[in-house]
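**Q** Below is a structure I'd like to ask you about.
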Amino acid sequence: MSAHYSEREVTTYDVHQHLWPGSLVGALAERTSPPLLHGHTLVLEHEGSFQTDPADYGVEACLRNLDRAGVDVAVVSCPPTLGVGALPEAEAAELRRAYHEGALAAAAESGGRLLPLSMDRSEDGFVGAILAADDVAELDGDVCERLDELERRGMFVLVHPGAAHPPPDAPPWWAATVDYTAQMQRAYATWLAHGVERWPDLRIVFAILAGGAPFQLERMQARGFDIANALHPTIFLETSSYGRRALELCLATFGARQIVFGSDAPVVDSTTTLAHVRSFGQAATEALCQHNPTILLT
């Protein structure tokens with residue numbers, strides 16, 4: 001634990017960083033079909049191959065990112081974009097087990113600076129779970145049972161984009177800016193229409209500002225949507241990859257109470273969005289980095 005963290009009186013949080021513990025890296029390296037790792041090459045079913053250094057997702061890298069940003073604690077997770085949820089259950093269970101075992105060990109090694117989310121469902125020792133946006137958009141029987149259990153146990157949910165399906169001629173930015181945002185908008189709209197009424201006490205965070213879905217609230221209201229549902233106190237939006245203009249609109253729409261800081265490190269530089277958050281001043285920064293994440297975790 002760094003002296004910077006131990007001396008701070010009020011804890012600051014990044015609620016969206018990714019962790020690939022060694023056990024998960026090893027399991028991905030042993031696979032012969034996507035998702036898999038060949039050295040520094042990550043191979044996904046639909047998005048293809050990417051140059052990726054697994055060390056960037058390790059415990060030491062997570063802690064360096066926190067220190068560089070001046071943040072105390074990160075909520076870490078395994079991203080659904082790997083496509084684990086689409087695998088046959090036996091294969092998915094093997095990867096979930098590898099991640100869960102390694103994530104608990106990483107949390108212990110970090111001295112409390114890394115708080116892990118489990119994959120897809122509640123697990124002992126985790127602060128909550130990360131779910132793919134398409135699962136939340138469907139809200140079928142199995143997903144509903146998992147959400148019931150998460151609410152019963154007082155955990156929170158991070159809704160995150162899942163595997164993308166870009167067209168064959170799509171440019172490199174397509175999946176992150178078209179597929180991912182569309183998934184998140186659909187999940188957010190489904191939650192406003194059905195989820196918040198069924199799970200009124202379940203704290204839920206939509207990554208990447210729910211794909212920009214809050215920008216559609218005026219259009220939704222003009223079509224008969226009750227905007228009060230979007231202001232429910234258990235619904236939060238996470239900031240990663242967005243800049244001052246998008247954050248300014250969200251703050252004007254919701255105030256600071258429903259927004260939490262997240263970076264998506266190491267995919268996105270952990271200091272980029274944080275600099276924009278801090279540009280709104282101390283009160284907004286404390287709300288997004290301290291007060292609101294504390295609500296999620298208590």
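Taken together, the values in this text are just the output of simple stated rules run on the coordinates, not laboratory data. These numbers come from a predicted model, not from an experiment. In this analysis, Cβ positions are derived from the backbone assuming ideal geometry, glycine residues included, and neighbour counts consider all displayed protein chains.
**Q** What value does the range 25-97 have for Rg/Rh, both radii from Cα atoms and Rh as Kirkwood defines it?
**A** Computed over Cα atoms, the ratio is 1.02.
**Q** At each listed q (0.10, 0.13, 0.16, 0.20 Å⁻¹), what is the log10 of I(q)/I(0) that the Debye formula gives for the range 163-298 modelled as equal alpha-carbon point scatterers?
**A** Normalising to I(0) and taking log10 leaves -0.34, -0.57, -0.85, -1.26.
**Q** Separate question: Rounded to the nearest 0.05, what FRET efficiency is calculated for Ser49 and Glu138 with R0 set to 25 Å and r the Cβ-Cβ distance?
**A** My answer for the efficiency is 0.30.
**Q** Same structure, new question: Which distance in Å, rounded to a whole number, links the C-alpha centroids of the range 225-298 and the range 182-224?
**A** Answer, in whole Å: 15.
**Q** If I build a Gaussian network model for the chain, linking alpha-carbon pairs within less than 10 angstrom, which residue out of Val268, Val136, Val15 has the largest mean-square fluctuation?
**A** So, out of Val268, Val136, Val15, the one fluctuating most is Val268.
**Q** Follow-up question, since we're still on this one. Length gain on complete extension for the stretch Arg198 to Leu217, per 0.36 nm per residue less the alpha carbon to alpha carbon distance?
**A** Gain on stretching Arg198 to Leu217: 4.7 nm.
**Q** With r as the distance between the Cβ atoms of Ala228 and Ile295 and R0 = 25 Å, compute the FRET efficiency 1/(1 + (r/R0)^6) and round to 0.05.
**A** About 0.85, to the nearest 0.05.
**Q** Put +1 on the Cβ of every Lys and Arg and -1 on every Asp and Glu Cβ in the range 10-297; which of Pro54, Phe236, Thr81 then has its Cα farthest towards the positive end of the dipole?
**A** The one lying farthest along the dipole's positive direction is Phe236.
**Q** Still on this structure, I have one more. Run the helix sum for the chain: -39,500 (n - 2.57) per DSSP H stretch of 4+ residues, divided by residue count, reported at 222 nm to the nearest 500 deg cm²/dmol.
**A** Only helices count here, giving -10500 deg cm²/dmol.
**Q** For the chain, list the DSSP H helices whose alpha carbon atoms reach 24 Å or more along the long axis and whose average Kyte-Doolittle value is -1.0 or above? It would help to have the intermediate numbers written out before the result.
**A** Numbers: long enough: 89-109 (29 Å, -0.36).
Going by DSSP H runs, the hits are 89-109.
**Q** I'd like the distance separating the alpha-carbon centroids of the range 84-139 and the range 146-173, in whole Å.
**A** Between the Cα centres of the range 84-139 and the range 146-173 lies a distance of 12 Å.
**Q** Please name whichever of Gly224, Leu115, Leu104 sits farthest to the positive end of the charge dipole of the chain, dipole taken about the Cα centre and charges placed at Cβ: Lys and Arg +1, Asp and Glu -1.
**A** Comparing the listed Cα positions along the dipole, Gly224 ranks first.
**Q** Determine the gain in length on full extension of the stretch Asp269-Asp169; use 0.36 nm per residue of separation and subtract their C-alpha separation, reporting nm with one decimal.
**A** Working: separation 100, 0.36 × 100 = 36.00 nm, distance 2.73 nm.
In short, 33.3 nm is gained.
**Q** Could you work out which residue, out of Ala252, Ala69, Ala107, moves most in a Gaussian network model of the chain, that is, has the largest mean-square fluctuation with Cα springs under 10 Å?
**A** Checking each option, the largest mean-square fluctuation is seen for Ala252.
**Q** I'd like to know how the chain sits against the 2.2 N^0.38 Å rule of thumb: what's its Cα Rg over that expected value?
**A** On the way: Rg = 18.1 Å, N = 298, 2.2 N^0.38 = 19.2 Å.
Rg over 2.2 N^0.38 Å, computed on Cα atoms: 0.94.
**Q** Just to be sure I understand: with springs between alpha-carbon atoms less than 10 Å apart, which residue in Ala213, Ala189, Ala93 has the highest mean-square fluctuation in the Gaussian network model of the chain?
**A** Per the Cα network of the chain with a 10 Å cutoff, Ala93 tops the list.
**Q** Quick one: if you stick a label point 7 Å off each Cα along the C-beta vector at Arg64 and Val178, how many nm between them?
**A** Placing both labels 7 Å along Cα→Cβ, they lie 3.5 nm apart.
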